Structure formats: C-alpha cells, structure tokens
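The values are calculated or read from the model by the stated rules, or taken from the named source; none is laboratory data. As the structure is a prediction and not an experimental result, all values here were calculated from the model. Reconstructed Cβ throughout: ideal geometry from the backbone, glycine too, with neighbour counts over all protein chains shown.
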Amino acid sequence: MLKNDELVGILPEGTRRGKTDRVASIHAGVSVIARMAKVPILPMTVRGVEKIKNKGERVRFPKVTVDYGDPILVSDFDFLPKEERVEACTWYAMRESFALFYRVPAEDVDMVALFPETRDYAPVFAEHPIPRHTSDELACAARTVRAEKEAKAAAKVVGTAAKAEGTEKGEGE
C-alpha cells in the first residue's frame, strides 16, 4: 500500500480494550515499517471517539475530530546508535501525537507518566532537536525523486532501443 502512495494508519500504543491494569507500552512497528518503506510518519490524534459508545449503551454520533502534526522522517534519528533509532523515533512520534491531543507543546508531555516502562528520550531531543518538516516539503522532494527515477528509466529504455538498432549514443554526429 505504501508503494502505491496510499496512507496506512498504525497506532503505536497498540490496542486498548476495556479497563485493564496493564501498563501502556509503545510498539515500534510504525517506525520499522516507515524506515523500510522510506516514508514519513504523520503524528495524529483523534478526539471524541470515547463518546461514541459505552458498553451497554446505544451508539451515539458525537463530533469526532482528527488533528495531524508535522511529518517525521525516520532518517532524522540516524544520529543515535543504530539499536536506539526505531524506539526513539516511535517515542518521538507518540509524544507529538499526545501533544496534539492535549494541545500543548511536545516538551510538556510527560511521557514517563504515560509510558513508565519506556526509556525517556526527552533529554536526548532537548540536546539534539529533531528537524521540523512540512507535508509540502516532503511531497515536493518525493515528486523530484519520482521524476528522477522516471527520467533514468526512460533513458535506459532509449539506450536499450538504440543498442537494438545497432547504433550507440553519439554516432552520426
């Protein structure tokens, strides 16, 4: 789906069904997939879903809103040791999502309280801020890369056709 330029929604905190004493944890699959597919992570939050239906109640149709943050490139975490990059990127994306939800600066999100068993990367990112990107910036870069690939593929086809005709580039000039 990602190779077809389709969006994929992944919730890095996993599922939360019912009331549980289980401590919340962050799952790094979102960063692994984003790194392999060379696509950005788009932090988001959904508000109002908790009002849709409580157990035993009728379904309601409350206002649900979705807010999106700035895209995050997994490659921006390459300054970290290789074994920490994916976890740190996921932690950062989660912090950005909670900042959207609470409508506060990301630095004000208490990730230790939310995910007590996960390493706190706040000091790392305070010392080494992650660059901010815009969707327009990344879309423009993607179009440029796509155009370069298409030009390279077209040149290869032309070169193959020229060889098949027994001519080489530059002959007959």
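Data overview
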| quantity | calculated |
| --- | --- |
| Among the candidates 74, 86, residue that is hydrophobic (A, V, I, L, M, F, W, C) and either within 15 Å of residue 131 (Cα to Cα) or without any contact (Cβ under 8 Å) to a residue 40 or more places away in the chain (or both) | 74 |
| Selected residue (criterion: nearest to residue 9 (Cα to Cα)) from residues of the range 34-53 that are in contact (Cβ under 8 Å) with a residue 24 or more places away in the chain and either among the acidic types (Asp, Glu) or assigned to a helix (DSSP H, G or I) (or both) | 34 |
| Scope the range 121-164; condition assigned to a loop (DSSP other than H, G, I, E, B) and either free of Cβ contacts under 8 Å to residues at least 24 places away in the same chain or surrounded by fewer than 11 Cβ atoms within 10 Å (Cβ to Cβ) (or both); matching residues | 129, 131, 134 |
| Test set (1) surrounded by fewer than 18 Cβ atoms within 10 Å (Cβ to Cβ); (2) modelled with pLDDT of 90 or more; (3) in a helix (DSSP H, G or I); (4) of a type in the set (A, V, I, L, M, F, W, C) - residue 79 fails condition number | (3) |
| Members of the range 44-93 that are hydrophobic (A, V, I, L, M, F, W, C) and in contact with a helix residue (DSSP H, G or I) (Cβ under 8 Å, 6 or more places away or on another chain) | 44, 64, 72, 73, 74, 77, 80, 86, 88, 89, 91, 93 |
| Residue in the range 54-67 that is in a helix (DSSP H, G or I) and surrounded by fewer than 12 Cβ atoms within 10 Å (Cβ to Cβ) present | no |
| Conditions (1) over 17 Å from residue 31 (Cα atoms); (2) hydrophobic (A, V, I, L, M, F, W, C); (3) assigned to a helix (DSSP H, G or I): number failed by residue 89 | (1) |
| Filter result for residue 74 (assigned by TED's automatic domain parsing to the domain that holds residue 9, of a type in the set (A, V, I, L, M) and over 20 Å from the mean Cα position of the chain (by Cα)) | no |
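Here's the yes/no breakdown for (1) closer than 23 Å to residue 9 by Cα; (2) in the same structural domain as residue 39 (by TED's automatic domain parsing):
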| residue | (1), (2) |
| --- | --- |
| 66 | yes, yes |
| 106 | yes, yes |
| 111 | yes, yes |
| 120 | no, yes |
| 124 | no, yes |
| 139 | yes, no |
| 144 | no, no |
| 148 | no, no |
